[in-house]
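K.L.:
My structure is below; once you've seen it, I'll send some questions.
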Amino acid sequence: MNPDADDRFAIIEVLDRYADVLDARDWARLDDVFAPDVEMDFGAWTARGVDAVRARIRSYLDGCGPSQHLLGNYRIELDGEHPGRARSCCAIRVMHVGRGARAHVTYEMMGEYADELVRTLAGWRIARRRARAHIQLGDPSILGPGDA
């Protein structure tokens, strides 16, 4: 077994879990992605703490139809001086589809997540995320809080 490889795969699993959670709208599982005191910088908004991050994400996706978050080009750096800490960057491509009368409208975003991760007793968690959109296509007005 290679502990570095095991950590890298575990980190990729956490990054992919985030995409799965968002696409499934399984909001409770964000606790399995983020550290409780996570700091999120999404460019247009920031939030601190998993509950605040969850609320911000929901304010965009609860009113949207289906989405697909694709991640790739993972670059992971384990911190040799501070075991249990790591940095990662990955490319993202997200397709959002409107809902109801706007089901024919789409919004696509391509960009990057840059993360700082910590190993907890429950496994790797994202402690800080900086997300940036490099390309945006379509109508972002399909994103919104929904009818709750």
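The values are calculated or read from the model by the stated rules, or taken from the named source; none is laboratory data. Bear in mind the structure is a predicted one, so any value in this text is a computation, not a measurement. All Cβ positions, even for glycine, are placed from backbone atoms using ideal geometry, and neighbour counts span all protein chains on display. Surface areas here come from the heavy atoms of the whole protein model, side chains and all, with no ligands, DNA or RNA. Shrake-Rupley method; radii C 1.70, N 1.55, O 1.52, S 1.80 Å.
K.L.:
If you find the alpha carbon centre of region 94-148 and of region 1-40, how far apart are they in angstrom?
P.N.:
Here the two parts' Cα centres lie 15 Å apart.
K.L.:
With only Lys, Arg, Asp and Glu charged, each at its Cβ (+1 for the first two, -1 for the last two), find how big the charge dipole of region 1-145 is about the Cα centre; round to the nearest 20 debye.
P.N.:
Magnitude of the dipole: close to 460 debye.
K.L.:
For the chain, what is the accessible area per residue in Å², given a 1.4 Å probe and the full set of protein chains?
P.N.:
For the chain, the solvent-accessible area averages 55 Å² per residue.
K.L.:
Have a look at Gly72, Ile12, Val94 and report the one farthest towards the positive end of the charge dipole of the chain, computed about the Cα centre with Cβ charges (Lys/Arg +1, Asp/Glu -1).
P.N.:
The listed residue farthest towards the positive side: Val94.
K.L.:
On the accessible surface of the chain, probed at 1.4 Å, how many percent belong to carbon and sulfur atoms?
P.N.:
Carbon and sulfur together cover 52 percent of it.
K.L.:
I would also like to ask the following. Kirkwood-based Rg over Rh for region 35-148 (C-alpha set), two decimals?
P.N.:
Expressed as Rg/Rh, it is 1.02.
K.L.:
Could you identify which residue out of Gly65, Gly49, Gly100 has the top mean-square fluctuation in a GNM of the chain using Cα springs shorter than 10 Å?
P.N.:
Of the options given, Gly100 has the highest mean-square fluctuation.
K.L.:
Could I ask something else about it? To the nearest 0.05, what FRET efficiency results for Asp6 and Ala91 with a Förster distance of 22 Å applied to their C-beta separation?
P.N.:
The formula returns an efficiency of 0.40 here.
K.L.:
Right, another one. Which of rounded, prolate or oblate describes region 91-137 when judged by the alpha-carbon gyration tensor and an a/c cut-off of 1.5?
P.N.:
Judged from the Cα gyration tensor, region 91-137 comes out oblate (a/c at least 1.5, b/c at or above a/b).
K.L.:
Can you work out the FRET efficiency for the pair Ala52 and Glu81, with r the C-beta to C-beta distance and R0 = 30 Å, to the nearest 0.05?
P.N.:
My answer for the efficiency is 0.50.
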